Amino acid sequence: TYFFKSLICLYAIYFQVFKPFYAYKYLYHIMIAMLISSIALTSCQEHEDFPDTSVRIGHVLCTDGVVTPLEECIREGRTPIAVVFHINHDDAVEGSGFAVYLHDLSPVAFADSIGTKQNTSADTQALDGNANTYAVFSTAAIGSPMAGSVFSMWEYGQSAYVPSVAQMQLLYHAKSIVNVYLERAGGQPLPDESDGCWYWTSTEVKGQEQAKAWLYSIGSGSRHETPKDESHKVRPVVTIY
């Protein structure tokens, strides 16, 4: 600032004494060039590199609620519990993304018996596993070993739930990346084998809610209508914020 004030004063004196047009013309261009150079130099000096803190697929959710790259989680002495498999860009969907837990739960039944609608949305396109799991758990007329098994995991402030069909589809498409970090974090990779790849979703079959829910193959991306009193594996997920 001081430099430019001095330059302007010098130019004013020069212009008043000599007043040749060419002096005005060339000094003007010199001032503009120096101003541009100064701005560019100042911008370079003020530029700082900031760490990229954005959440990405493959980052891990830790027991203290922090989402971070696995290497940082381990270096800082944190404990990973889930791997991020989806980043949410839709304001209508709750949370900033979803993470899958490191381990399966033992095979359990969706419901104690068939014959009761458990009030899920039955929408195979909805990312509503959390609401579905709560609906299944809170249906007074019938118990749900599946919902009970994930509700018992509510520790570290994390609310586990059974993913919906749509959330399982997201997990299936991210499996190749997620499996790398599941293994590195000491978890179970999502299987490809036909006899071990079937998991419960929390979505009942529309029109058959009293009897069936959707079973999902993490190996092929397909789903089957399945009686709710059959026992199958569960891989819990959690919404990150």
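The values are calculated or read from the model by the stated rules, or taken from the named source; none is laboratory data. Not measured: the values here are computed from a predicted model. A quick note on method: Cβ atoms are made from the backbone with ideal geometry, for glycine too, and the neighbour counts reach across all protein chains shown. Each accessible area value is taken on the protein alone, full model and side chains, heavy atoms only, with ligands, DNA and RNA left out. Shrake-Rupley method; radii C 1.70, N 1.55, O 1.52, S 1.80 Å.
I'm told residue 240 meets every condition in (1) open to solvent by 20 Å² or more (accessible area, probe 1.4 Å); (2) modelled with pLDDT under 95 except one. Can you identify the failing condition by its number?
(1)
Quick check on residue 181: is it touching a strand residue (DSSP E or B) at 6+ places or on another chain (Cβ under 6 Å) and open to solvent by less than 30 Å² (accessible area, probe 1.4 Å)?
The answer is no for residue 181.
Looking only at the stretch 196-217, decide whether some residue is open to solvent by 40 Å² or more (accessible area, probe 1.4 Å), closer than 23 Å to residue 69 by Cβ and of a type outside the set (Lys, Arg).
Looking for residues that are open to solvent by 40 Å² or more (accessible area, probe 1.4 Å), closer than 23 Å to residue 69 by Cβ and of a type outside the set (Lys, Arg), one finds none in the stretch 196-217, hence no.
Evaluate the following for residue 94: is it charged (D, E, K, R) and under 30 Å from residue 231 (Cα atoms)?
Judged against the criteria, residue 94 is a match.
For the stretch 136-172, give me the residue count where each residue is assigned to a helix (DSSP H, G or I), open to solvent by less than 20 Å² (accessible area, probe 1.4 Å) and aliphatic (A, V, I, L, M).
So the count comes out to 8.
For the stretch 66-84, check the following and say yes or no: at least one residue is of a type outside the set (Gly, Ala, Ser), closer than 21 Å to residue 203 by Cα and either buried (at least 16 other Cβ atoms within 10 Å of the Cβ) or in contact with a Leu (Cβ under 9 Å, 6 or more places away or on another chain) (or both).
no
Run residue 78 past the list (1) in a loop (DSSP other than H, G, I, E, B); (2) over 19 Å from residue 182 (Cβ atoms) and report the number of the one that doesn't hold.
(2)
Contact list please: Cβ distance under 8 Å, first residue in the stretch 91-120 and polar (S, T, N, Q) and modelled with pLDDT of 95 or more, second residue assigned to a strand (DSSP E or B) and open to solvent by less than 10 Å² (accessible area, probe 1.4 Å), pairs at least six apart or on different chains.
Here the result reads 118/204; 120/202; 120/203; 120/204; 120/213, each pair linking the stretch 91-120 to a residue that is assigned to a strand (DSSP E or B) and open to solvent by less than 10 Å² (accessible area, probe 1.4 Å).
Residues of the stretch 218-228 being surrounded by 15 or more Cβ atoms within 10 Å (Cβ to Cβ) and assigned to a loop (DSSP other than H, G, I, E, B), which ones?
218, 219, 228
Considering only the stretch 99-132, state which residues are in contact with a Ser or Thr (Cβ under 6 Å, 6 or more places away or on another chain), outside any loop (DSSP other than H, G, I, E, B) and open to solvent by less than 50 Å² (accessible area, probe 1.4 Å).
The answer is 105, 108, 109, 129, 132.
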